[in-house]
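*Asks:* This is the structure, below, for whatever I ask next.
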Amino acid sequence: MLRSLKIILSTTKHLPSCCCSGFVSRTRYVNWLKEDDEACLAALENGHIFLFHHLHPLLQRTKTGTLRPAALISSDLQSVLERLGSDRSLMKESVLLGCSEQNQALFCLDVGELDQATVEEECTGNFMDLGKSLFLLTGEEVPLLVKGQALLRWHQTSRFCSATGQLTQRNQAGSQRVCSSNGIVYYPKMSPVVIVLVSDGKRCLLVRQSSFPRGMYSALAGFCDMGESLEEALCREVAEEVGLEVQSVSYSSSQHWPFPHSSFMLGCHATVSPAHTQLQVDHAELEDARWFSSEEINSALKVKTPPRRGDPPILWLPPKQAIAHRLITEWMEQQKLTSGL
């Protein structure tokens, strides 16, 4: 997902002059908005805002029938809030996400205090569960929704200082919170998670949990323990959950993932000996674990829609935005190279 995300931001009359590359100047501009509350408020007045309702993003259907996230112009959203009788100060609860290629600052805002159906009618869209919507969305706005939900959840659960119990106050951009008592600064956190696609050379190992959608299998994943290296966490998780001993590890890529509460996914490939592939599944953690051939994976990658009730069983893979899908695709590409296809 991160590879597809274009880091985008705007220039305004307030932006200091800079002869750096576009990427550097835009990155510094966003950082400036995080550090300057007045500049961030000014950007909010002309920004675009992604709406959430109890952490569910607002989606709109396009003329072609596809879904896309709805980004409302700040002035339009203000009018909507006024018609719904909301306090104008609600706008200030928006959290900075970045900026668009059209030179507009991008924010997100949770309007969970307002009636959902009324907001949907006013905005001609629907609030949907983010996990489900990832199977339906393909645009470059998807990473912004993921980031937005994570930041909004963090603010909702970080209102009090863990040291003093006193209220914390956020800066305008929403990039930090400060204890009102002793000034301790808190920043959004992510939990490191290793996610690994295990292979015996000809097959790859996929697992499923009972909470997964029907028919879906994914790569094995688990949280890193305190003091562990990436490799140590990977080998432990594979041993614990499927009873295999890893021979080699190679790093692929990383990804922020908002579930369950902002995980930092560290994607890897691992191999095990073809002579020791007997699975010993920990059913307290997994509903099932299976070896899949390259033919089965190749067919699964061609599945476009999830199976419906009553359909014959079919292997269904995680959405393309998920790092698990990337790992599976990388493995399949390597299999094709090895076999000369």
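Rule-based calculations on the coordinates, nothing more; no lab input. Computed from a predicted structure; not experimentally measured. Note that each Cβ is placed from the backbone with ideal geometry, even for glycine, and that neighbours are counted across all protein chains shown.
*Asks:* Using alpha carbon centroids, what distance separates segment 313-341 and segment 201-243, in Å?
*Replies:* 16 Å
*Asks:* Here's another thing I want to ask about it. Please report how far the C-alpha centroid of segment 61-122 lies from that of segment 24-48, rounded to the nearest whole angstrom.
*Replies:* Comparing the Cα centres of segment 61-122 and segment 24-48, I get a distance of 18 Å.
*Asks:* Another question, then. Any idea what % of Cα-Cα pairs in segment 191-339 are farther than 25 Å?
*Replies:* When every Cα pair of segment 191-339 is considered, 23 percent fall beyond 25 Å.
*Asks:* Same structure, new question: State the extension gain, in nm to one decimal, for the chain segment bounded by M190 and A284, taking 0.36 nm per residue of separation less the distance between their alpha-carbons. Show your work: numbers first, answer last.
*Replies:* Values: separation 94, 0.36 × 94 = 33.84 nm, distance 2.49 nm.
Result: 31.3 nm gained on full extension.
*Asks:* Could you line up S211, S254 from fewest to most neighbouring Cβ atoms inside 10 Å?
*Replies:* The fewest-first ordering by Cβ neighbours comes to S211, S254.
*Asks:* Compute the FRET efficiency between N298 and D76 as 1/(1 + (r/R0)^6), taking r as their Cβ-Cβ distance and R0 = 51 Å, and round to the nearest 0.05.
*Replies:* Efficiency for this residue pair is about 0.65.
*Asks:* Can you tell me the dipole magnitude for the chain around its Cα centre, using point charges on the Cβ only (Lys, Arg +1; Asp, Glu -1), in Debye to the nearest 20?
*Replies:* Dipole of the chain, to the nearest 20 debye: 800 debye.
*Asks:* By how many degrees, 0 to 90 and rounded to 10, does the Cα axis of helix 22-35 deviate from the longest principal axis of the chain?
*Replies:* 60 degrees
*Asks:* Going 7 Å from the Cα of L230 along its beta-carbon direction, which residues of segment 239-266 have the amide nitrogen within less than 12 Å of the resulting point?
*Replies:* 249-255, 265-266
*Asks:* Now a separate question. Could you sort the peptides 122-132, 148-158 by per-residue average Cβ neighbour count (10 Å cutoff), highest mean leading?
*Replies:* Ranking the peptides 122-132, 148-158 by packing returns 148-158, 122-132.
*Asks:* Among R88, R170, what is the fewest-to-most ranking by other Cβ atoms within 10 Å?
*Replies:* Least crowded to most crowded, the residues run R88, R170.
*Asks:* Filter the GluC sites (Glu not before Pro) in segment 241-341 to those in DSSP coil with at most 16 other Cβ atoms within 10 Å of their Cβ, and list the result.
*Replies:* Values: sites: E241, E245, E285, E287, E295, E296, E330, E333; in loops: E245, E285, E287.
Here the GluC sites (Glu not before Pro) that fit, given the DSSP loop and packing criteria, are E245, E285, E287.
*Asks:* Cross-link candidates for K34: which lysines have Cα within less than 18 Å, leaving aside residues fewer than 8 places away along the same chain?
*Replies:* Counting by Cα, and skipping residues close in sequence, K34 has these lysines nearby: K13, K92, K147, K189.
*Asks:* Still on this structure, I have one more. Based solely on its DSSP helices, what 222 nm [θ] is calculated for the chain when runs of n ≥ 4 H residues each add -39,500 (n - 2.57) and the sum is averaged over all residues, nearest 500 deg cm²/dmol?
*Replies:* -8500 deg cm²/dmol
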